[in-house]
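Contents: one structure, followed by commentary.
The values are calculated or read from the model by the stated rules, or taken from the named source; none is laboratory data. All figures in this text were calculated on a predicted structure; none of them were measured in a lab. Note: ideal-geometry Cβ built from the backbone for every residue, glycine included; neighbour counts use all protein chains shown. SASA here: full protein model, heavy atoms, side chains in, ligands and nucleic acids out. Shrake-Rupley method; radii C 1.70, N 1.55, O 1.52, S 1.80 Å.
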Amino acid sequence: MDKMVEEVEKTKKEWDEAYSKTQQHIKEIQEYGNSTMEETKNKNSLPRLNGLAQDGLALLNSLQFNLDLLAPQLPTGDEVQSAKALLKTWRSQSRSLRMNLRNANLQAKDNMRKTAQKEVKLLLGGGEESTVRRRNLQTKAGMTSAAESITESLRHTRQLMVQEVERSTNTLMTFEESTGVLKKAESEYKGHRSLLSRTRNLLSTMQRHDVIDRIVLVVGFIFFSCAVLYVVSKRIGILKLQRTITTAIKAGMAGKPELARKAVEEGINQGRFDGNVVPDKGLPLQQPMRDEL
């Protein structure tokens, strides 16, 4: 057998079962309220029966949708036409069930109204049966009051538990937010710590450079001072030699050869002592010497 045919047969079987159950629930709704109040309480409540009937109708609609999808996929045209005809029948039956459910609810309300009227007549009437019913109602009223008290206590306890759960949830959310803030602060601290480390390294490097620059400046100043002192000392020695020679020349020109010779000898000795000797350039003695300073 083809797989699509098997699926269609399975859908038909599920439809028959769901249709039968839904009809049974609608029948129970229609008969609801015919018995006395005590017998009615032992049965399923009217809202529950309505819920079961609505679930059955929803299942029937789902099966109709499945059949509508499977019908075009059947292997032969006759089977496709048969499935489509069956689908029309199912839709008609589903509408009929919805109408029956509405009428059954109306009938159940009417039955409950009539049953209530009978109960009132029995309670207000005389006789042993009425007394027994009143006594049973009083006992049930006390039990109902106790049950309501217990229910109210349980409801209050449940409300407290819900509040505690909400408080715990808020606390957990606060903890999570605090954890997120701490993690963010930790990451920022790590970033600042790395920045501080880099800054400390830069400051250390700058301090080293400052010390090196100071040393270079001091050494350079010392070398510069030595060079200045050397140049000054050299210049002073030359000046002394020039002045001595100038004095000798002036003395020779004035006719004092002894003084000139003495000055020349002192100048030569001073030149040898200082290491500064003026070379003979072949200049005439009459040429005057100029003081360069």
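One residue stands out among those in segment 1-58 that are under 30 Å from Thr115 (Cβ atoms) and of a type in the set (A, V, I, L, M, F, W, C): the one that is modelled with the lowest pLDDT, which is Met37. Among the residues of segment 57-115, those that are open to solvent by less than 30 Å² (accessible area, probe 1.4 Å) and either farther than 17 Å from Glu28 by Cβ or outside any helix (DSSP H, G or I) (or both) comprise Leu60, Leu63, Gln64, Leu67, Leu70, Ala71, Leu74, Val80, Ala83, Leu87, Trp90, Ser94. For beta carbons closer than 7 Å, sequence separation of 6+ or different chains, a first residue in segment 88-110 that is without any contact (Cβ under 8 Å) to a residue 40 or more places away in the chain and a second that is surrounded by 11 or more Cβ atoms within 10 Å (Cβ to Cβ) and of a type outside the set (S, T, N, Q), the qualifying pairs are Ser94/Leu57; Ser94/Leu60.
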